[in-house]
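K.L.:
Sharing a structure, written as structure tokens. Questions coming.
The values are calculated or read from the model by the stated rules, or taken from the named source; none is laboratory data. Here the structure is a predicted model, which means the values were calculated and not measured. Please note: Cβ atoms are built from the backbone with ideal geometry, for glycine as well, and neighbour counts cover all protein chains shown. Only protein heavy atoms, including side chains, enter the accessible area calculation; ligands, DNA and RNA are left aside. Shrake-Rupley method; radii C 1.70, N 1.55, O 1.52, S 1.80 Å.
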Amino acid sequence: MDFDAAFNAQLNQLKEEGNYRIFAELERKCGHHPRADNHGPDGKREITVWCSNDYLGMGHHPDVVRAMVDTAAACGTGAGGTRNISGTNHHHLLLEQELADLHGKDAALLFSSGYVSNWAALSTLGSRLPGAVILSDALNHASMIEGIRHSRADKVIWNHNDAADLDRKLSEIAPDRPKIVAFESVYSMDGDIAPIADIVEVAEKHSAMTYLDEVHAVGLYGPRGGGVSEELGLADRITLIEGTLGKAFGCFGGYITGSEALCDFIRSFASGFIFTTALPPSVAAAAQTSIAHLKVSQMERARQRRQVARLRAMLDEAGIPHLDNPSHIIPIMVKDPVKCRMISDMLMEDWDIYVQPINYPTVPKGTERLRITPSPLHSDADIEHLVEALSALWSHCALARHVA
């Protein structure tokens, strides 16, 4: 068999459908977020990034950078192995204590990414609790879906953010079976926020465990950045809160928090924890510094919310359609994969603006979009330039405008 021919046939189909992904070669510039250098065929030029998940620019904060550099100088660049062999470092334990405190839990456990923490925790819970049923929100992230699939536990999908449908489906499960309700707080593509209070009420009614993914909320919501569950005063009623260090905290890695027994259970049985190399101590130290800073500083969150509101208002004024939601994520709806790719390319080539197109399979066909994430470091002039560019390209591509 000609394997390359088989690979290229499917790649060509992606290209014809407008869903082939092209990665821009970027070089972040420390201390200059959201600016970055784009390495292209004509050399290097500065562009403005509008789709970063470094939501608050903490990856450039001088204290966070200094913590990483100083710890690398003190401890070296790597962890030295898996946590259970030679890779557990003092900085890992300090970070886990910081995370447990952030969410008001007894314990926390680090993973190499938010994807791995979801995959490992859900697969372990579903496979090790006899007769378990995992009830998954219809729009849960791929990492949660993969973990549930790998667990081989029975799975029930409930309608997105629909606590009444969750209640109905929990009612159909035998009361003595372990039940795990898995959902997110902020959904990253539409930017909507789950009705956490309603979901918790239903889960408690049926004695179900609650598993909440807060990756797009930690650092951004709540008086100390503990996420939407903290903002609503519900964190103590959530069994397991999962998060990431790679978005608002500006570093790398994932984690879960919960009771001592829960975290020890995952630590002892999750292959995704046992058999993978630990985070470098320098990354752990930087993350701890970022979390500690955002527990007490409101400036970054306040500035970000101002810029999100300002951009939404200007998009409305220009008639650029975007999904209305209560979060920091602004999905600008193009609804055509070819035009979405075209607008992204023209923004980069003609306007020095980088926004990656979001096409199928990340979102359903017909809902293609540009996912904009304003940060506290985007200036008012940056916002005006972005809206001017989008307005010009909306006319160029003959796309419909929203009429207020």
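K.L.:
Go through segment 185-201 and count every residue that is open to solvent by 40 Å² or more (accessible area, probe 1.4 Å) and either in contact with an Asp or Glu (Cβ under 6 Å, 6 or more places away or on another chain) or part of a helix (DSSP H, G or I) (or both).
P.N.:
Count: 3.
K.L.:
Further question on the same structure: In segment 303-332, what count of residues is obtained for those that are open to solvent by 40 Å² or more (accessible area, probe 1.4 Å), among the aliphatic types (A, V, I, L, M) and in contact (Cβ under 8 Å) with a residue 24 or more places away in the chain? Spell out how you get there, then give the answer.
P.N.:
So the first thing to find is which residues in segment 303-332 are open to solvent by 40 Å² or more (accessible area, probe 1.4 Å), and the list is 303, 305-306, 309-310, 313-314, 316-317, 323-324, 326.
The next check asks that each one be among the aliphatic types (A, V, I, L, M); those that pass are 309, 313-314, 323.
Those still in the list that are in contact (Cβ under 8 Å) with a residue 24 or more places away in the chain too: 314, 323.
Summing the residues that are open to solvent by 40 Å² or more (accessible area, probe 1.4 Å), among the aliphatic types (A, V, I, L, M) and in contact (Cβ under 8 Å) with a residue 24 or more places away in the chain in segment 303-332 gives 2.
K.L.:
Among what's in segment 278-296 and is open to solvent by less than 20 Å² (accessible area, probe 1.4 Å) and polar (S, T, N, Q), pick the residue that is nearest to the chain's Cα centre (by Cα).
P.N.:
Taking the candidates together, the pick is S290.
K.L.:
Given the criteria touching a residue at least 40 places away in the same chain (Cβ under 8 Å) and over 22 Å from V363 (Cα atoms), does A284 qualify?
P.N.:
Numbers: touching a residue at least 40 places away in the same chain (Cβ under 8 Å): yes; over 22 Å from V363 (Cα atoms): yes.
Yes, satisfied.
K.L.:
Looking at (1) among the β-branched types (V, I, T); (2) more than 30 Å from H293 (Cα to Cα); (3) touching a residue at least 40 places away in the same chain (Cβ under 8 Å), can you tell me which one I193 breaks?
P.N.:
The failed condition is (2).
K.L.:
In addition: Among (1) more than 20 Å from A261 (Cβ to Cβ); (2) in a helix (DSSP H, G or I); (3) in contact (Cβ under 8 Å) with a residue 24 or more places away in the chain, where does R168 come up short?
P.N.:
Single failed check for R168: (3).
K.L.:
Within segment 297-339, how many residues are within 22 Å of the chain's Cα centre (by Cα) and assigned to a helix (DSSP H, G or I)?
P.N.:
Number satisfying all stated conditions: 13.
K.L.:
Kindly list, by first and then second residue, each pair from a residue in segment 144-162 that is hydrophobic (A, V, I, L, M, F, W, C) to a residue that is open to solvent by less than 80 Å² (accessible area, probe 1.4 Å) and part of a loop (DSSP other than H, G, I, E, B), limited to pairs with Cβ atoms under 6 Å and residues at least 6 apart or on different chains.
P.N.:
A153/A132; I157/A138
K.L.:
Considering segment 23-40 alone, what residues qualify as being open to solvent by 60 Å² or more (accessible area, probe 1.4 Å) and touching a residue at least 60 places away in the same chain (Cβ under 8 Å)?
P.N.:
First pass over segment 23-40, keeping only residues open to solvent by 60 Å² or more (accessible area, probe 1.4 Å): 23, 25-28, 30, 32, 35, 39.
Across segment 23-40, the qualifying residue is only L26.
K.L.:
On to the next question. Residue pairs, Cβ under 6 Å, 6 or more apart or interchain, first in segment 341-367 and of a type in the set (A, V, I, L, M), second in a strand (DSSP E or B). List them.
P.N.:
L347/I353; M348/Y354; I353/T48; V355/L370; I358/R369; I358/R371
K.L.:
Here is a further query. Of all residues being in a loop (DSSP other than H, G, I, E, B) and closer than 22 Å to A138 by Cα in segment 367-376, which is least open to solvent (accessible area, probe 1.4 Å)? Just the residue, please.
P.N.:
To start, the set of residues in segment 367-376 that are in a loop (DSSP other than H, G, I, E, B) comprises 367-368, 373-376.
With the extra rule that they be closer than 22 Å to A138 by Cα, the set shrinks to 367-368.
Numbers: T367: 37, E368: 4 Å².
Looking at the filtered set, the residue picked out is E368.
K.L.:
Please go through segment 146-157 and pick out each residue that is under 17 Å from M209 (Cα atoms) and either open to solvent by 50 Å² or more (accessible area, probe 1.4 Å) or small (G, A, S) (or both). Explain how you work it out, then say what you get.
P.N.:
Taking segment 146-157 as the starting set, the residues that turn out to be under 17 Å from M209 (Cα atoms) are 147-148, 151, 153-157.
Result: G147, S151, A153, D154, K155, I157.
K.L.:
So which residues in segment 1-22 are assigned to a loop (DSSP other than H, G, I, E, B) and open to solvent by 60 Å² or more (accessible area, probe 1.4 Å), if there are any at all? Even if it seems obvious, please write down each step before you answer.
P.N.:
Initially, segment 1-22 is screened for residues assigned to a loop (DSSP other than H, G, I, E, B), giving 1-2, 18-22.
Result: M1, D2, Y20, R21, I22.
K.L.:
Next question, about the same structure. Can you tell me how many residues in segment 345-366 are at pLDDT 95 or above and either open to solvent by less than 30 Å² (accessible area, probe 1.4 Å) or assigned to a loop (DSSP other than H, G, I, E, B) (or both)?
P.N.:
Residues meeting the conditions: 5.
K.L.:
Say we look at segment 171-184 and pick out the residues that are in a loop (DSSP other than H, G, I, E, B) and of a type in the set (A, V, I, L, M); which of these is least open to solvent (accessible area, probe 1.4 Å)?
P.N.:
Here is the first cut: in segment 171-184, the ones in a loop (DSSP other than H, G, I, E, B) are 172-178.
Going one step further and asking which of them are of a type in the set (A, V, I, L, M), we end up with 173-174.
Working: I173: 24, A174: 43 Å².
Among residues in segment 171-184 that are in a loop (DSSP other than H, G, I, E, B) and of a type in the set (A, V, I, L, M), the one least open to solvent (accessible area, probe 1.4 Å) is I173.
K.L.:
Could you please find all residues in segment 223-257 being open to solvent by 10 Å² or more (accessible area, probe 1.4 Å), more than 18 Å from N118 (Cα to Cα) and assigned to a loop (DSSP other than H, G, I, E, B)?
P.N.:
Of everything in segment 223-257, those that are open to solvent by 10 Å² or more (accessible area, probe 1.4 Å), more than 18 Å from N118 (Cα to Cα) and assigned to a loop (DSSP other than H, G, I, E, B) turn out to be P223, R224, L232, G233, L234, G250.
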